[in-house]
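**Student:** Structure below; questions to follow.
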Amino acid sequence: MALQKFQHFMLKEIYEQPEVIRHSLNDPNKAFQVLPTLDQVEEIQILACGTSFHAGLVGQFLLEQVAGIPTRVRSASEFLAAPFPRTRNTLLMVVSQSGETADVLAAMQAVKQSSGGAFKILAITNNSQSSIATEADCEISVAAGVETSVAATKTFTAQLALFYGLAFFYARQGQHLSHEQLKGWNAQLDALPAQVEKVLQQEATIAAIAASLKDTKTLILLGTGINYPLALEGALKLKETTYTHAEGYAAGEFLHGPIALLDQTIPAIAICPSQPSRSASAERILKVAQKISSNGSDVILLGGSDAAIVLPPCEELLSPFLNIVPLQLLAYHLAIARTIDVDRPRNITKFLKSS
Ligand code: BG6
């Protein structure tokens, strides 16, 4: 893989995301026909680790809120200690960028053994030849292309795109969305690549924010609703590539104890949906942001009209595609400001064999 004009693979892969979304939405090989029909699915379970786990949390939100299917997510590394109770007519989705993460493979094999084939297991990977893809009952590739940087970026976006496809697929079958509504969502999905390109144009602003955070040791990220997993993923990216102690919280929950952590040395990044009209989520985030700044801590607003990083207006349901980009760029530029080898951060590898 060539770096082309980019200095690092992480930056190149961040910039590939508009194309990844475009490709994901129009990929004729995304054969949802391999899936059981809605009348055979009483519950969906999702197993994954790390970034893929966060994509799974967005998937859970979509499958429940858009398609109305009860959905559970568990970190695969906790699954053997705490397996899901037995359920009927369950579709298990095993999500792994590499398709080789040992914790995910072990959890999937445990389900296979204990369910005696009663579960349908779908692998969602970026490598159709991987162990997870080949051992599952069926596989849908996210087809993001090779990801060289250790920190996952474009594969997260590709996993998101797939979960939107799955949720709309089942929502259509369950008649949760009319033909007209689906047409509306499809038009907005088609607009996403151009909107992500607009977000990428703010790289210089984000690099300046990263420079201002060079000596920051702890960062708090806040999100709500579909953007709560984005706060978790942003924090993971910052931990992995910048070695910052970054924690993601659901904005409302942050007030129930963790707010005691804050002092003037700890800034918060608040992810505020930037849809044309102010949503309940935006109100919630802004209220928490106000409380934090009245306590004397800095708040960096991501999205919203008064934001440090202004994002194009976008329906909240689709906003993760836009919100993830500044968080990835922030992690990248903070790593560069700290002269960290951003493509190969310490202690982590792309294919963790065991934990
Ligand atoms: C961890 C990596 O070991 O595995 C994370 O540090 C990654 O960056 C996680 O997200 C899961 O990897 P995969 O390949 O199963 O999606």
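**Student:** Counting only the backbone N, which residues of segment 178-208 are under 18 Å from the spot 7 Å out from the Cα of residue 338 toward its beta-carbon?
**Tutor:** Residues 206-208 qualify, since their backbone N sits under 18 Å from the label point.
**Student:** For labels at residue 183 and residue 201 in the simple 7 Å Cα→Cβ model, what's the distance in nm?
**Tutor:** Taking the two extended label points, one gets 3.0 nm.
**Student:** Run the paramagnetic zone check for residue 33: 7 angstrom along Cα to Cβ, then residues of segment 127-152 with backbone nitrogen under 19 Å.
**Tutor:** Counting backbone N atoms under 19 Å from the label point, the list is 137-142.
**Student:** Here's another thing I want to ask about it. Quick one: which of 198/287; 12/154; 154/183; 154/237; 217/239 span more than 18 angstrom between C-alpha atoms?
**Tutor:** 198/287; 154/183
**Student:** Could I ask something else about it? Mean separation of Cα pairs under 8 Å and 6+ residues apart, divided by the residue count of segment 202-337: what relative contact order is that in percent?
**Tutor:** 32 percent
**Student:** Just the Cα atoms of segment 1-43: what Rg and Dmax do they give in Å?
**Tutor:** Calculated on Cα positions, Rg and Dmax stand at 17.0, 50 Å.
**Student:** Separate question: Please order 327, 222 by the number of other Cβ within 10 Å, starting at the fewest.
**Tutor:** 327, 222
**Student:** Roughly speaking, what is the stretch gain from residue 7 to residue 280, that is 0.36 nm per residue apart minus the C-alpha to C-alpha distance, in nm to one decimal?
**Tutor:** Once the chain is fully extended between residue 7 and residue 280, it gains 94.3 nm.
**Student:** Hey, for a label at residue 135 modelled as a point 7 Å past Cα toward Cβ, could you say which residues of segment 97-127 have their backbone N under 13 Å away?
**Tutor:** Within reach of a label on residue 135, which here means backbone N under 13 Å from a point 7 Å along Cα→Cβ, segment 97-127 contributes 99-114, 123.
**Student:** Over the Cα atoms of segment 1-153, what radius of gyration and what Dmax do you get, in Å?
**Tutor:** Here Rg and the maximum Cα pair distance are 15.9, 51 Å.
**Student:** Roughly how many debye, to the nearest 20, is the charge dipole of the chain about its Cα centre, given +1 on each Lys and Arg Cβ, -1 on each Asp and Glu Cβ, and no other charges?
**Tutor:** 280 debye
**Student:** Shifting gears a bit: Report D for the chain in µm² per second (integer): Stokes-Einstein, Kirkwood Rh on Cα pairs, 10 °C, 1.306 mPa s.
**Tutor:** In µm²/s, the coefficient rounds to 77.
**Student:** Taking only C-alpha pairs under 8 Å that are 6+ residues apart, what is the relative contact order of segment 9-196 in percent?
**Tutor:** 30 percent
**Student:** Fully extended, how many nm does the chain gain between residue 146 and residue 264 (0.36 nm per residue separation, minus their Cα-Cα distance)?
**Tutor:** The span from residue 146 to residue 264 would gain 38.4 nm if fully extended.
**Student:** Who wins for biggest fluctuation among 343, 306, 103 in a Gaussian network model of the chain, springs between alpha carbons below 10 Å?
**Tutor:** Maximum fluctuation in the GNM of the chain, among the listed residues, is at 306.
**Student:** Ok, one more. What ranking of 212, 114 emerges when the number of other C-beta atoms within 10 Å of each C-beta is taken as an exposure proxy, fewest first?
**Tutor:** Neighbour counts put them in this order, fewest first: 114, 212.
Read the figures in this text as sums done on the coordinates, not as results from a lab. Bear in mind the structure is a predicted one, so any value in this text is a computation, not a measurement. Cβ atoms come from the backbone with ideal geometry, glycine included; neighbour counts cover every protein chain shown.
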